[in-house]
Structures are given as C-alpha cells and as structure tokens.
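Remarks on the structure that follows.
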C-alpha cells in the first residue's frame, strides 16, 4: 500500500492499528490480517476515519460479531472497522419504540425490550451476533423476521455520510435486506406493549426450543447455508448424503449437517472447497441451489 495511504490515517492515533490479525474476531478462528484495524470511539470518529479512507482510496469493511464470517488467509488490504465502543450499543425507548445502536448484541436488545414490556423480538432469542448484522441478513425464525418490526435505520455510507432509511426505502425478504451501506448506526424498532411476565415466559419458551434444536459444539462452529423457502438446508444436506462431509480440518456435522466445524489447522481454502462441493452436490441431487449463510472476505 502506498505511503500516502499509510499516512492518511496517522492522525487518528491509537484507534488505528496496522497489520492486525482478524481470525480471533470470527467464530471459525480462520483468516489473515487486515492492513488497518480501526476501533472508533463514537459515530463522529467513525465517519471521520471512513472519509479519510475514501479520500485516500483505502477500501473499508465492517466486522460485526463474526458469527457468519469466513476470512481468507490473504486477509484484507484495507481498513476493517470494529464497533466495540459502548457508544455504538446504546439503547433507549419511547412508548412502543426502541432505538438501538447497530453495534449492540442482539441478545442485549431482546433482553432490553422484554424488560421494558415490549413484545416483537423475543422469538429471536438465541440468534448470535449484533443488531446490525441481524438486520443486514434479516435474521428470523418461523415466528417472523427482524425486518418486520423495523421502523427506520440510520446508516453510514462508504464515503462517510450518514443517511436515513425509512418506509419504502427499507426492503426485507427471506434472510435478505436492502441495507448494503458500510455500517448500520442506529435502528428504531416499532414493538407492541405487553405484560412483562407474559413476554418473559414467551422468551424463555423460545430459548428452550432454540436450545433443543441447536447442537452442542466446540466454539469453532457456524451455520453454513441459508434455509431455502419451504425447505431446511439440514434436510437437503442429509438427503444428499453430505452429513459429516469433510475437507482437511473442516467438516459438516454428522448429526446437524448445516453446521460447519473448524478444527485446529483449518484453512479458508479447505472451508471454501467443502462448501462448493456440497452446494454442487445438493443441486445435482435435489435441484436446489443452496445459498451461503457465511460472508466470504
């Protein structure tokens, strides 16, 4: 990377670190370094660094909870942003609306809404990651998607500009959203008031149900594919004989085949080879083209 680009972020001090490994920030613990790792203290600082990157021609990406991310060993020759500051996880409510920072954990948002007697999010309990990540992938269950209760979103573009998205500007479908800007800064949810005891019981019921369907794995396990409409990815993998399929130190679970598990020594190349082999095999056997749940960097 050119020296002028390197100097472009020098004025931001300790919030910018060079040549930092990224593997530890992902559930799979796989991947190479990023040229810059940026942990801004607030929204203004985030916007300032993004603008500086844009002016210097430095590519930018946002790393959320890392629960659906596979990073190649070559890493990322740009600036990776982590929204770890409490400023990106603030929550407040007014009437039936909750305003939440995109960097907050989804589990914290659910607990906050339930604790304030607001229903509409408790069925999402047990889904990992951040609020921003949940919106971007429109996380959901059989009870509904998170997009159904979104009122408005504040976004940061790759040029460092804040934009608002409301009403017709928001589009959510099965595990997909129209939110493709760099960062989700804040989200306003429209929920329904209810009895805290009743909502808490609903949350507990959903949690028990989620845990009963979720296997107990080592930490390095992630969901591999999105469930197609009208099907379960795990069922298609089972029918196609891919339960337990492996490539090097990476494998699909033999009992819950939509979970990708990485053992010591696993590489991104092994994971990508296995995922592509499985996708092709399932399409040949069932006619269904599975879509990756994982983002690939």
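Any read-out appearing in this document is the output of simple, stated calculations on the displayed coordinates, not a laboratory observation. As the structure is a computational prediction, the values presented were derived from the model and not from experiment. Glycine also receives a Cβ, built like all others from the backbone with ideal geometry; neighbour counts cover every protein chain displayed.
Given their separation in residues at 0.36 nm each and the Cα-Cα distance between them, residue 148 and residue 45 gain 34.0 nm when the chain is fully extended. Please give the Cα centre distance for the stretch 23-58 versus the stretch 181-217, rounded to the nearest Å. For the stretch 23-58 versus the stretch 181-217, the Cα centre distance is 29 Å. Compute the Cα gyration tensor for the stretch 144-281, then decide on rounded, prolate or oblate, letting a ≥ b ≥ c be the square roots of its eigenvalues: rounded whenever a/c is under 1.5, prolate when a/b is larger than b/c in the other cases, and oblate in all that remain. Oblate, since a/c reaches 1.5 and b/c is not below a/b.
All C-alpha pair distances within the stretch 3-86, sorted into 5 Å bins from zero, spread as 3, 16, 28, 25, 16, 10, 2 percent across the bins.
Among 197, 17, 220, the residue with the largest mean-square fluctuation in a Gaussian network model of the chain, with springs joining Cα atoms closer than 10 Å, is 197.
Here residue 90 and residue 232 are evaluated by their C-beta separation; at R0 = 51 Å the FRET efficiency comes out at 0.90. Mean projected area of the convex hull spanned by the Cα atoms of the stretch 221-296, taken over all viewing directions: 4.4 nm². Within the listed set 228, 40, 128, the residue fluctuating most in the Gaussian network model of the chain (springs between alpha-carbon atoms under 10 angstrom) is 228. For the chain, the spherically averaged projection of the C-alpha convex hull amounts to 15.9 nm².
Given the peptides 270-276, 142-148, 129-135, arrange them by the average over their residues of other C-beta atoms within 10 Å, most packed first.
Averaged packing, sorted descending, gives the order 129-135, 270-276, 142-148.
Normalised by the number of residues in the stretch 10-49, the mean separation of alpha-carbon contacts (under 8 Å, six or more apart) gives a relative contact order of 39 percent. Estimated from helices alone, the mean residue ellipticity of the chain at 222 nm is -8000 deg cm²/dmol (sum of -39500 (n - 2.57) over DSSP H runs with n ≥ 4, per residue).
Stokes-Einstein, applied to the Kirkwood radius of the stretch 136-202 over Cα pairs at a viscosity of 1.002 mPa s and 20 °C, places its translational diffusion at 161 µm² s⁻¹. Considering only 102, 194, 66, the mean-square fluctuation computed in a Gaussian network model of the chain, springs between alpha carbons under 10 angstrom, is largest for 194. Of interest is the spacing of the C-alpha centroids, which for the stretch 282-297 and the stretch 63-102 amounts to 26 Å. The packing ranking of peptides 18-26, 49-57, highest mean first, is 49-57, 18-26, where packing means the average number of other beta carbon atoms within 10 angstrom of each residue.
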